[in-house]
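The values are calculated or read from the model by the stated rules, or taken from the named source; none is laboratory data. All figures in this text were calculated on a predicted structure; none of them were measured in a lab. Because the Cβ atoms are built from the backbone with ideal geometry, glycine has one as well, and the counts that use them run over all protein chains shown.
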Amino acid sequence: MHLPVPRGDLSRELANALLCNPSGEHAAYLATVATGRLASASDVLDDGDLQLSLFMLYELHYRGFAGVDDRWEWNPGLISLRAQIEEAFERALREAAGPVPSVEPSSSEVAQALFALAASDAGPSVSKFIQRKANAAQAREFLILKSIYQLKEADPHTWAIPKLQGRAKAAMVEIQADEYGNGHLPRMHSELFRQTMRGMGLRDDFGAYIDRIPAVTLAAVNMISLFGMHRRHRGAITGHLALYEMTSSIPQAAYARGFRRLGYGSAVTDYFDEHVEADAVHEQIAGRDLAGGLAEDEPELVPGILFGAQAAAAVDALAGAQYLDAWEAGSSALLAGAGAGAGAGAVA
């Protein structure tokens with residue numbers, strides 16, 4: 001993908017550095033800029049400069065950027081910079097998630113706590129809006145917002161596999177294998193989403209709309225990378241995935257109905273239809289075998305499992321509220337930017 005348009009001093013200096021040869025000089029200066037930005041940030045989760053910078057730092061470990069030297073991936077200065085931002089980001093996530101309940105480290109107790117959290121979700125329902133009220137333009141925006149994760153679906157959670165063992169590892173592999181289409185490219189969920197984007201006349205290359213993605217949406221994606229990349233967060237990444245699977249099947253059915261209401265056929269709805277069935281199965285595996293199995297093998301990780309699930313729910317609620325506020329007001333949920341005209345989303 002292309003380097004994003006900067007959203008402040010830190011992302012601007014980071015983008016400039018990435019276009020140069022890796023060096024300690026650039027990274028040292030970036031650390032100074034980051035210190036100032038973090039000191040002035042009032043809401044890390046909704047700070048476009050910080051979230052875009054963190055996204056760029058993480059993306060070096062995925063597909064990278066056009067014109068950027070791959071040696072930046074493990075540049076010590078950038079790793080240190082990332083740690084600076086991650087520390088503030090984790091504090092913000094813990095504040096948003098709230099205190100975690102005390103739960104016995106058994107498969108049944110942890111699964112029950114996660115199912116209860118999923119059932120208690122009272123956040124804004126984007127799925128109901130798409131099903132009942134969204135117009136075609138809002139439906140396209142919804143897909144653009146989802147694309148920054150869905151076009152690399154499963155990759156951030158896959159970081160957890162080598163960090164797990166036993167029952168939890170087997171459960172994670174089972175879920176992820178399904179996400180990757182069990183080895184069949186057309187059935188990979190990211191490929192199905194790519195088909196949906198094309199069916200709506202949108203570009204299907206990862207990161208094509210990065211400059212239109214709001215900070216809180218980036219925060220939701222960055223959260224998965226934070227949890228997945230750090231071994232100390234292996235509890236949080238399992239809790240995050242478990243809650244995602246537990247709260248997916250019913251909304252996916254609503255999305256499918258919404259797109260059919262707008263007149264779109266299987267080329268657009270296959271992605272959602274696939275998740276209705278797959279996630280109904282995954283939720284049991286994720287709750288009882290993945291999260292529950294990890295809790296029994298490593299009881300000390302139970303608070304982390306619950307934190308990951310609660311953080312996922314909290315950040316998704318923040319993002320959903322932002323989208324719905326914009327749509328209900330007749331505004332766009334996307335950032336204004338280059339190519340924001342009527343033809344901005346057309347397939348190249």
Those helices (runs of 4 or more DSSP H) lying entirely in segment 3-110 with at least 3 residues of a type in the set (D, E, K, R): 9-18, 76-97
Pairs needed: first member in segment 320-338, modelled with pLDDT of 95 or more and outside any helix (DSSP H, G or I); second member anywhere, surrounded by 11 or more Cβ atoms within 10 Å (Cβ to Cβ) and among the polar types (S, T, N, Q); C-beta distance under 8 Å; at least 6 residues apart or different chains. Ala333/Gln138; Ala333/Gln322
Name the single residue that is nearest to Trp74 (Cα to Cα) among those in segment 24-57 being of a type outside the set (A, V, I, L, M) and free of Cβ contacts under 8 Å to residues at least 40 places away in the same chain. Glu25
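Hey, could you check segment 176-211 for residues that are polar (S, T, N, Q) and in contact (Cβ under 8 Å) with a residue 24 or more places away in the chain and say which is nearest to Tyr264 (Cα to Cα)?
Looking at residues that are polar (S, T, N, Q) and in contact (Cβ under 8 Å) with a residue 24 or more places away in the chain, I get Thr196.
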Can you tell me which residue in segment 279-298 is modelled with the lowest pLDDT, limited to those that are under 21 Å from the mean Cα position of the chain (by Cα) and surrounded by 20 or more Cβ atoms within 10 Å (Cβ to Cβ)? Asp279
How many residues does segment 170-197 hold that are closer than 22 Å to Phe259 by Cα, surrounded by fewer than 19 Cβ atoms within 10 Å (Cβ to Cβ) and polar (S, T, N, Q)? 1
Going through segment 118-153 one residue at a time, which ones are within 19 Å of the chain's Cα centre (by Cα), at pLDDT below 95 and in a helix (DSSP H, G or I)? Ala118
Checking Pro156 against (1) farther than 27 Å from Arg231 by Cα; (2) assigned to a helix (DSSP H, G or I), which single condition isn't satisfied? (1)
Would you mind finding the one in Leu185, Leu202 that is farther than 30 Å from Ser53 by Cα and among the hydrophobic types (A, V, I, L, M, F, W, C)? Leu185
